[in-house]
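Report on the structure given below.
The values are calculated or read from the model by the stated rules, or taken from the named source; none is laboratory data. The shown structure was predicted, so the numbers you read here are calculated from the model rather than taken from an experiment. Please note: Cβ atoms are built from the backbone with ideal geometry, for glycine as well, and neighbour counts cover all protein chains shown. We work out accessible area using only protein heavy atoms, side chains counted, and drop any ligands, DNA or RNA first. Shrake-Rupley method; radii C 1.70, N 1.55, O 1.52, S 1.80 Å.
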Amino acid sequence: MVNRLPMAQSTVTMRRLRPCGVVTLAAMAALAALTADVSAKQRPAAAVEAVAPREAGEPIMAIVSIKSQQVTFYDSEGWILRAPVSTGTTGRETPAGIFAIIEKDKDHRSTMYDDAWMPNMQRITWNGIALHGGPLPGYAASHGCVRMPFGFAEKLFDRTRIGMRIIISPDDAAPLDISHPALFAPKAEAIAAAPARAETLLREAADAAKAADEAKKLAATSTRETATLTASLRKLEQQKARTAADLAFAEKSLATAKTDQAKAKAEELKQKVAPKAAEAATQFDTAKADAKTKLDAAAAAKDGAKAAATRKADTARAANDAKLALEPVSVYISRSTQKLYVRRNTHKSAPDGGGEVFDTSIEVPVTIRNPERPLGTHIFTAMAKTDAGLRWSVVTIDNGDEAKAALDRITFPQDVLDRIAPTALPRSSIVISDEPLSSETNYRTEFVAVLSNQPQGGFITRRPTAPMAIASDDGWDNGGGFFFFQPRNPNPQPQPGNMRRRGEQYYYPPQPRWW
């Protein structure tokens with residue numbers, strides 16, 4: 001039933017208006033229309049699906065604009081796909097920051113929201129943030145994920161790869177061309193030689209591993225043999241000591257004898273024990289001489305096993321570096337931790353299920369000039385090869401220093417540059433940020449960092465509880481190299497620089513969890 005009372009009151013009021021009242025009302029209406037027109041011009045245009053009018057290459061990165069509710073995918077030449085999205089609603093905001101695709105599931109069902117269908121899911125955090133197909137009401141409405149049009153998500157699914165960068169920006173952002181001496185300039189001869197070098201070092205590592213195993217077995221056999229020999233020597237040494245003591249007693253008795261009878265008895269005892277003492281000493285000295293060769297051989301086998309193990313580790317490390325040199329490299333520099341981190345995808349499946357393993361072997365201190373001054377958050381990406389090396393772009397999602405000025409303030413460790421720069425490939429990246437790495441970063445992710453000055457409600461609702469198996473220092477090929485990672489602090493306190501207050505609620509950085 002429609003309530004007609006307000007309409008009736010309005011009609012009566014209109015009838016009572018005098019001419020000046022009509023003029024005033026008309027002016028108010030005109031002002032309201034003008035204000036509405038200005039607001040409409042200020043509002044961003046509604047995002048629409050679009051495809052670049054050219055042949056698209058393989059996507060290199062995607063940028064999600066929370067402000068415009070839009071996602072844009074880029075290949076080496078520019079944007080290729082664009083679509084509207086629906087990000088997290090108030091209180092469950094999609095965190096702004098730096099992510100990468102870590103798992104893909106064509107027909108995913110949520111384990112968090114009543115088995116909700118999330119088709120063509122591309123996960124970017126293990127605590128549940130993902131891109132997937134979903135309903136788009138025209139505004140932010142998700143629980144933290146990035147919903148895309150169903151058809152768009154389906155067409156996109158097979159075009160992306162694990163490790164592809166996903167940038168979530170609070171405002172509109174786009175890659176801009178940039179050049180700077182600090183950006184990696186690979187050497188053509190190093191890149192050309194990389195495959196053969198990797199193959200050679202892998203063979204050397206395999207040979208060294210085989211030699212180490214054989215040396216270890218030889219040392220173990222020698223140790224067992226010398227253990228028996230050592231026990232036998234100890235027994236002979238004790239026998240020598242007993243007979244020597246008997247002989248010393250007989251000689252002392254003979255020296256102190258007062259009577260002929262006592263002297264005869266002592267002499268008889270001496271004659272009896274002296275041969276036994278001599279024989280025991282001879283047996284021990286002979287056995288000791290014979291054993292020395294075997295003991296020396298066992299010691300040499302043990303030293304050889306140690307040397308072989310060292311060579312195995314060194315060649316394995318060199319082979320791993322050579323193999324990783326065939327992959328794009330990602331570098332993250334944090335002003336918060338004053339560290340430089342390097343990651344590359346090994347393309348090995350995580351043995352505990354889900355995702356691929358990323359190499360995390362490089363983490364070193366880095367020098368930042370004027371470290372008290374903000375750097376901002378800038379993502380530099382090698383878009384394509386050029387005659388001079390690589391063509392780079394930069395995306396800035398948090399203002400601080402201008403991108404080139406931020407690079408000027410970084411002093412890269414030379415040994416790290418020597419390891420990664422000569423063979424840097426397209427898709428390689430350097431991220432400079434004031435932020436520390438999120439605790440969502442683990443061995444199954446590329447870099448994950450969130451902007452601490454932006455809402456992160458989508459993380460708050462996903463506080464982890466489960467342990468996660470991670471790699472030990474033994475590496476991934478040796479078997480059994482895992483231990484379980486528990487959240488560092490099950491009752492965390494607010495963390496300065498990585499905590500955001502909204503009313504009386506605090507954001508605690510999430511810990512790794514299976515979803």
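Some notes on this structure:
- Filtering segment 369-380 to residues that are open to solvent by 10 Å² or more (accessible area, probe 1.4 Å) and either assigned to a strand (DSSP E or B) or on the phi < 0 side of the Ramachandran plot (or both) leaves ARG369, PRO371, GLU372, ARG373, PRO374.
- Flag if LEU390 is touching a Phe, Trp or Tyr at 6+ places or on another chain (Cβ under 7 Å) and closer than 26 Å to PRO195 by Cα: yes
- Considering only residues in segment 344-365 that are open to solvent by less than 30 Å² (accessible area, probe 1.4 Å) and at pLDDT 90 or above, the one that is farthest from ILE102 (Cα to Cα) turns out to be ILE362.
- Scanning segment 372-397 for residues that are touching a Leu at 6+ places or on another chain (Cβ under 9 Å) and touching a residue at least 60 places away in the same chain (Cβ under 8 Å) yields a total of 13.
- In the set (1) farther than 30 Å from ILE432 by Cα; (2) open to solvent by 60 Å² or more (accessible area, probe 1.4 Å); (3) in contact with a helix residue (DSSP H, G or I) (Cβ under 9 Å, 6 or more places away or on another chain); (4) not aromatic (Phe, Trp, Tyr), LYS323 fails one condition alone, (1).
- Just one of (1) of a type in the set (Phe, Trp, Tyr); (2) surrounded by 18 or more Cβ atoms within 10 Å (Cβ to Cβ); (3) part of a loop (DSSP other than H, G, I, E, B) fails for TYR139. It is (2).
- Residue in segment 282-296 that is under 38 Å from the mean Cα position of the chain (by Cα), open to solvent by less than 80 Å² (accessible area, probe 1.4 Å) and over 30 Å from SER428 (Cα atoms) present: no
- Residue pairs whose Cβ atoms lie under 7 Å apart, sitting 6 or more positions apart in sequence or on different chains, and linking a residue in segment 62-79 that is under 16 Å from THR381 (Cα atoms) to a partner that is among the charged types (D, E, K, R) and surrounded by fewer than 22 Cβ atoms within 10 Å (Cβ to Cβ), are THR72/ARG82; ASP75/GLU58.
- Residue ID - farthest from ILE60 (Cα to Cα), chosen from residues in segment 161-184 that are within 21 Å of the chain's Cα centre (by Cα) and part of a strand (DSSP E or B): ILE168
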